[in-house]
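Here's the structure, in structure tokens; my notes come after.
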Amino acid sequence: MMDSGAPVITIDGPSGAGKGTVAQMAAARLGWHLLDSGSLYRLTALAAMRQGIAFDDEAGLARVALNLNVSFKPTNADEPARVLLKGEDVTAELRTEGCGNNASRIAALQPVRDALLQRQRDFQQLPGLVADGRDMGTVVFPNAGAKVFLTASAEVRAERRYRQLKDAGVSVNIGDVLEEIRARDDRDMNRSAAPLKPAEDAQVIDSSGLSIEEVLDRVMVAAGQA
Ligand code: DC
């Protein structure tokens, strides 16, 4: 595989473990690029819905993934970059539970994963890249210099998600959130295409009892960047 030689830190793990926040903070601290690979699966799901492509039309979905017209617009604050689909800001829509679940469904299809592979590898640019997702260390960047698998119990992840939704004014039942997290874990871990699992050379960090700063410190140590 040809790459730019830029160093890569991969952060994989189940939804709600805090990967996105930690990856963003690590990239900001190092001044490196950031790849939020989940957003590409979410965008593919959203674009497919808009184009009326059925979720069992593998070739159609792969075409959508290959032709995604996406750009990331950095924000000046500590906020995640805005995501633009054909120039339209779809950041809020991408974050919904519905979009996450649809992303998880289409992410189980190998042709969709293949279609997104090179686009993800293109993010490996100097001075370095922090990449978060499910298969960053196992499939997309197998030669990454540092690999982290960030996990937390399903209960802790459900509690965090519940609080986020409540703060955003969405009324939900914590039991339902926990059930959805379990269903998503199950689908992401048990699919045959690039299932969610730690790379053999990944360092596993359990974020259950840790603050986000404590997790970030551990990731930096694991990456040899402390
Ligand atoms: O990280 P996220 O919640 O935004 O990801 C949404 C879905 O996309 C997730 O349930 C599984 C899928 N995904 C994947 O299969 N591989 C990745 N590298 C990233 C996300």
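Tabulated results
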read-out	value
FRET efficiency estimate (nearest 0.05) - Cβ-Cβ, Asp186 to Val70, R0 30 angstrom	0.60
Amide proton proximity set for Leu68, modelled H, under 5 Å, gap of 5+	none
The range 12-74 - Rg and Dmax from Cα coordinates, angstrom	14.4, 41
Within-13-Å neighbourhood charge of Ile181 [Cβ basis; K, R +1; D, E -1]	-3
Quarter of Cα convex hull surface for the range 57-160, i.e. mean projection, nm²	8.4
D_trans [Stokes-Einstein, Kirkwood Rh over alpha-carbon pairs] for the range 98-226, 4 °C, 1.567 mPa s, µm² s⁻¹	79
Amide proton proximity set for Leu34, modelled H, under 5 Å, gap of 5+	Val130
GNM result for the chain, Cα springs below 10 Å: residue of Ala28, Ala65, Ala48 fluctuating most strongly	Ala28
Estimated dipole of the range 165-226 in Debye, rounded to 20 [Cβ of Lys and Arg +1, of Asp and Glu -1, Cα centre]	200
Radius of gyration and Dmax over the Cα atoms of the range 117-181, both given in Å	16.4, 44
Spherically averaged projected area in nm², based on the convex hull that wraps the Cα atoms of the chain	12.0
Cα centroid of the range 156-226 to Cα centroid of the range 87-123, whole Å	18
The chain - mean residue ellipticity at 222 nm from DSSP helices (-39,500 (n - 2.57) per run, n ≥ 4, rounded to 500)	-14000 deg cm²/dmol
DSSP bridge orientation in the chain - percent antiparallel, rounded to nearest 5	25
Computed E for Arg63/Gln125 - FRET, C-beta separation, R0 30 angstrom, nearest 0.05	0.70
The range 40-114 pair-distance distribution - Cα-Cα, 5 Å bins, rounded %	3, 17, 28, 24, 17, 7, 3, 1
Peptides 172-185, 29-42 ordered by average Cβ neighbours within 10 Å, highest first	29-42, 172-185
Other-chain or far-sequence residues with amide H under 5 Å of Gln203's (modelled H)	Lys147, Val148, Phe149
Thr138 accessible area, assembled protein chains, probe 1.4 Å, Å²	40
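The values are calculated or read from the model by the stated rules, or taken from the named source; none is laboratory data. Not measured: the values here are computed from a predicted model. Because the Cβ atoms are built from the backbone with ideal geometry, glycine has one as well, and the counts that use them run over all protein chains shown. The protein model used for the area step is the full one, side chains on, heavy atoms only, and it has no ligands, DNA or RNA in it. Shrake-Rupley method; radii C 1.70, N 1.55, O 1.52, S 1.80 Å.
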